[in-house]
């Protein structure tokens, strides 16, 4: 899994959002601030590293001839892909100090790959794009950007946007949040290519595996566009005022910045110099 480019990360940059940063602000404005304004490092975890590894294998699997895209070949790719990824990332290389933990990590990655093959047969697919960087401007001037795991295009020109998830299938209450990322990409593709994707497909590889599918229409994408424009306006107000208040929720249990959060007795660091004066869209 390729990290999404930061969105509007530094004073003076253009107005831009990625799905992850948009979700951060909707989850908690203070979390957005920590990641985008303060840029506080977040070392990889076994869960995020597993996602990175499995995404890398699935991307490179399609470099092989169709007949070689088998579970056995994919399994053989895991170890060399992990070595390659660690070679360019000190955080990944330092993640496991105990052989037992590394062994469990690789076993979990094998399980996720096996889950993928229960959901589809890659020998029957020829993706149009893999780990595709997409960038498109809305009429408001807001730029949408990010990486799409896979884009399939039928002979008739129908587009399917595919995203791999190595976590668990979300509860029904969080399904809309999971689909938000896909609608974000569908909107970007529509604005870029003038075609509304026929299908958005989320593939959950853990456990028995499950596929969530959604067919967007123009009304969906226009509503998503209005939501993103309103979201950027809220981000801009927070930048203008320096008011990045936390939004407590059940997701706080997974937050890696609780030590700095007022909701847990912490104190955020001072805002970086220039964050107020130069952070709003008007100054760009």
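Just so it is clear, none of the values below were taken in a lab; they were calculated from the coordinates. Quantities reported herein were computed from a predicted structural model and do not represent experimental measurements. With ideal geometry, Cβ positions are generated from the backbone for all residues, glycine too; neighbour counts draw on all protein chains shown.
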With 10 Å bins from 0: P(r) over region 65-203, alpha-carbon pairs, percent: 10, 31, 33, 22, 4, 0
Mean ellipticity per residue at 222 nm, deg cm²/dmol - from DSSP H runs of n ≥ 4 across the chain, formula -39500 (n - 2.57): -13000 deg cm²/dmol
Overall form of region 126-229 per C-alpha gyration tensor (a/c, 1.5; a/b vs b/c): oblate
Between helix 99-119 and the chain: long-axis angle, C-alpha atoms, 0 to 90°, nearest 10: 80 degrees
Rounded to 10°, Cα long-axis angle of helix 71-87 versus longest principal axis of the chain: 40 degrees
Nearest 10 degrees, 0 to 90: helix 46-61 Cα axis against the chain principal axis: 50 degrees
Fully extended contour minus Cα-Cα distance, from residue 111 to residue 153, at 0.36 nm per residue: 12.3 nm
Listed residues 86, 255, 28, most fluctuating in the chain (Gaussian network, C-alpha, under 10 Å): 255
Whole-number D in µm²/s for the chain (Stokes-Einstein; Kirkwood sum over Cα pairs; 25 °C, 0.890 mPa s): 121 µm²/s
Cα-based Rg of region 176-284 normalised by 2.2 N^0.38 Å, two decimals: 1.41
The chain: most fluctuating residue of 211, 83, 36 per GNM, C-alpha cutoff 10 Å: 83
Most mobile listed residue (187, 260, 179) in the chain, GNM with C-alpha springs under 10 Å: 260
Protection proxy ranking of 69-82, 119-132, 46-59 - average other beta-carbon atoms within 10 Å, highest first: 46-59, 69-82, 119-132
